[in-house]
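Below you'll find the structure, written out as structure tokens, and then a few comments.
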Amino acid sequence: MSEVQDTVFGIIAKEAGIDIATIKPDSTLKDLNIQSLDAVQIIFEIEDHYKITMPDRDPNFDTESVKGLIEAVEKLVAEKAAQTPAAS
């Protein structure tokens with residue numbers, strides 16, 4: 001498991017009040033019985049943790065599945081790192 005996956009799983013478990021062991025990468029938020037308000041809170045927590053902004057309704061990002069969330073976070077974190085000038 002990647003650090004991003006561990007963090008995303010932890011945020012989902014905490015915000016949805018579910019056991020982290022029930023979360024699988026191929027689960028959807030719907031599979032996990034996560035209501036839309038909880039899903040929004042999960043997105044906010046992920047954004048806050050990584051200091052990123054998840055795209056809203058972007059067809060290139062799958063934020064309905066756990067795997068899609070992880071991939072979106074990894075992509076956004078990589079883009080953010082590429083834009084941040086290296087300290088000299």
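If a residue has to be out of contact with any Asp or Glu (no Cβ under 7 Å at 6 or more places or on another chain) and part of a helix (DSSP H, G or I) to count, how many in the stretch 37-54 make the cut?
So the answer is 10.
Looking only at residues in the stretch 13-36 that are of a type outside the set (A, V, I, L, M, F, W, C) and not in a loop (DSSP other than H, G, I, E, B), which one is surrounded by the fewest Cβ atoms within 10 Å (Cβ to Cβ)? Steps first, answer last, please.
To start, the set of residues in the stretch 13-36 that are of a type outside the set (A, V, I, L, M, F, W, C) comprises 14-15, 17, 19, 22, 24-28, 30-31, 33, 35-36.
When the remaining residues are screened for being not in a loop (DSSP other than H, G, I, E, B), the result is 14-15, 22, 28, 36.
Working: Lys14: 13, Glu15: 18, Thr22: 14, Thr28: 14, Ser36: 9.
Per the stated criteria, the residue is Ser36.
Mind listing whichever residues of the stretch 1-12 are in contact (Cβ under 8 Å) with a residue 40 or more places away in the chain and either surrounded by 14 or more Cβ atoms within 10 Å (Cβ to Cβ) or part of a helix (DSSP H, G or I) (or both)?
Those that are in contact (Cβ under 8 Å) with a residue 40 or more places away in the chain and either surrounded by 14 or more Cβ atoms within 10 Å (Cβ to Cβ) or part of a helix (DSSP H, G or I) (or both): Val4, Gln5, Thr7, Val8, Phe9, Ile12.
With the requirement that a residue be over 15 Å from Ile11 (Cβ atoms) and either basic (Lys, Arg) or modelled with pLDDT of 90 or more (or both), what does the stretch 38-66 give you?
Thr53, Arg57
The values are calculated or read from the model by the stated rules, or taken from the named source; none is laboratory data. Model, not experiment: these values are computed from the prediction. We place every Cβ from the backbone using ideal geometry, glycine too, and count neighbours over all the protein chains shown.
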